[in-house]
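No lab work stands behind these numbers, since they all come straight from the coordinates. Note that the coordinates shown come from a computational prediction; the quantities given were computed from them, not determined experimentally. Neighbour counts run over all protein chains shown; Cβ positions are idealised from the backbone, glycine included.
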Amino acid sequence: MNLSLITNEFSLQYPQYKQQGLDKPQLNYDDIAQILEQHRNNSLFNFSQLGESTLGIPIWQIEIGTGDERILAWSQMHGNESTASAALMDFLNFLASEQQAAWCQQWLSKVKLRIIPMLNPDGAARASRLNAMSMDINRDASALQTPEGQLLMQAAKNFKPAFALNLHDQSRFYAVGDSNKTATISLLAPAFNVAKDINAIRKKAMQLIGDMHDLIQYELPGHLAKYNDTYSTRSFGDIFTGMGISTILIESGAYPKDDNRSVARKLNYQLLILSVQSIASQAYNKQSLAVYDSIPYNRKEAIKDVLITNLSINLQQHQAKVDLAIEFKKQNQAEIVEVGDLSVYSAFHCFDASGLDYQSGKAYPLTTALNLDDAAYIALLSQGYSHFTGDSNLLQVKTSLPVSINGPSSGPTTPELNQAAVFLMASSEGVQFAMLAGLLVNLTTGQLVYQRGT
């Protein structure tokens, strides 16, 4: 297999195929509908409607090629996992390019590829993992109660693919094995029984993952992990493997300073190209299962959004130096999620609080009008105030820093789990830093220590 073509030439060309307008954390049906429409008249693509979602949104399938080796790929069966949907649009642009006509001709008579972009448009519209019936489609492979699950099973039985690519997103908190690196891509050849046996079908999936391993290790060394292969009787990957389909789970994860997962998106684009090329040429057959076995497992909850280390706390004359883990929540909120020795974790943002004491902030009572610009806010924070109570109409917020008004207080004299991440850090010279909804402010400079996100 010509791996260098994918990792070099196709990688350099990627910006010209990357679909504009999809660089955002959540995609819905309207984001891809116009793109699909633009490709509909291309003779390379055979469009048909697979069916409708629970709420009647079209679910499309696109076939490319005429070969005997059949590949089924679908994205966004969890509506809030849209990285691969964007990558599929990039991949369609790549295939449609006249520049890649010669490459396509190498496999079009050998492979037939069927793509189902956005299997769960109802969940996508709500940025929800679940469908409109509040059901997880990927836990419906046996019962088949969801319209979307029924359609996916129908597609598999009618199309009879040799390979299936199950495209998902995973939590930003996964790390690769014992390392402190984010699991930007995680793979799995699902088991078909409780014993996790390896038959010829599952072996082919593991071998193709071996090719994927080689690509990712070249493009992004150390950021590839593997899921545990415990058998799941309700999941499509496991059921499809049992049906004789070599199934591969591809999960897109986080990468530092990449909130919209553009790094994982590009890798998905490359993995789609690689899969077609390797299956068409049968190159995967040369891979040893030792490569699959060598991939480290995902380590769950190993990455934190923010780690504050070596922070002094004092309670009833008991002193300790602790680490705090803070997790960003929606709507610009954040919580303390762990306290203690957190040296086993890494984080997107780290701050060494040596020499600083935890200090619970005071509430500033709003009794008269207050013009809260940056300077006034910094002054109040330096005086030990961290939040406001009273008539919110009296507060004219003119600062870009997070402001807590009549919300959760900054908590007790020591940090507690699930407490809002609003507190102060002081030295013998006074308050030096303020934690405001997970964002750390240096009160000497008035600047944020880091930006929200990865």
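List of remarks:
- Dipole of region 173-238 [Lys/Arg +1, Asp/Glu -1 at C-beta], most positive-end residue of Leu220, Leu187, Phe236: Phe236
- For Cys350, the residues whose modelled amide H falls within less than 5 Å of its own, excluding neighbours fewer than 5 places apart on the same chain, are Leu307.
- For the peptides 74-85, 101-112, 363-374, residues were scored by their other Cβ atoms within 10 Å and the scores averaged per peptide; the highest-first order is 74-85, 101-112, 363-374.
- Taking each of Lys160/Lys226; Lys203/Lys226; Lys24/Lys300 in turn, the alpha-carbon distance tops 21 angstrom for Lys160/Lys226; Lys24/Lys300.
- Cβ-placed point charges (K, R +1; D, E -1), dipole of the chain about Cα centre in debye, nearest 20: 900
- Take every pair of alpha-carbon atoms less than 8 Å apart whose residues are at least six positions apart; their mean separation over the length of the chain yields a relative contact order of 13 percent.
- At most 15 other Cβ within 10 Å, DSSP loop - trypsin sites (Lys or Arg not before Pro), region 232-286: Arg234, Lys257
- Bridge type composition, the chain - antiparallel percent by DSSP, nearest 5: 55
- Using C-alpha pairs below 8 Å separated by at least 6 residues, the relative contact order for region 232-335 is 12 percent.
- A Cβ-based charge dipole, computed about the Cα centre of region 303-448 with Lys and Arg at +1 and Asp and Glu at -1, lands at about 220 debye.
- Karplus 3J(HN,Hα) series, Hz, for region 12-23 with 6.51 cos²θ - 1.76 cosθ + 1.60 (x for Gly, Pro): 5, 7, 3, x, 6, 9, 5, 5, 6, x, 10, 7
- Per-residue ellipticity at 222 nm computed for the chain from its helices equals -8000 deg cm²/dmol, with DSSP H segments shorter than 4 residues left out and the rest contributing -39,500 (n - 2.57).
- Placed amide H near Ile59: partners under 5 Å, 5+ positions off or other chain: Leu50, Gly51, Glu52, Ser53
- Listed peptides 442-448, 126-132 by packing density, highest first (mean Cβ within 10 Å): 126-132, 442-448
- Couplings 3J(HN,Hα) of region 216-223, computed from phi: 5, 5, 6, 6, 8, x, x, 10 Hz, in residue order, whole Hz [Karplus 6.51 cos²θ - 1.76 cosθ + 1.60, θ = phi - 60°; x for Gly and Pro].
- A simple packing score, the average count of other Cβ atoms within 10 Å per residue, orders the peptides 170-176, 27-33 as 170-176, 27-33, with the highest score first.
- The relative contact order of region 303-448, computed from alpha carbon pairs under 8 Å that lie at least 6 residues apart in sequence, is 24 percent.
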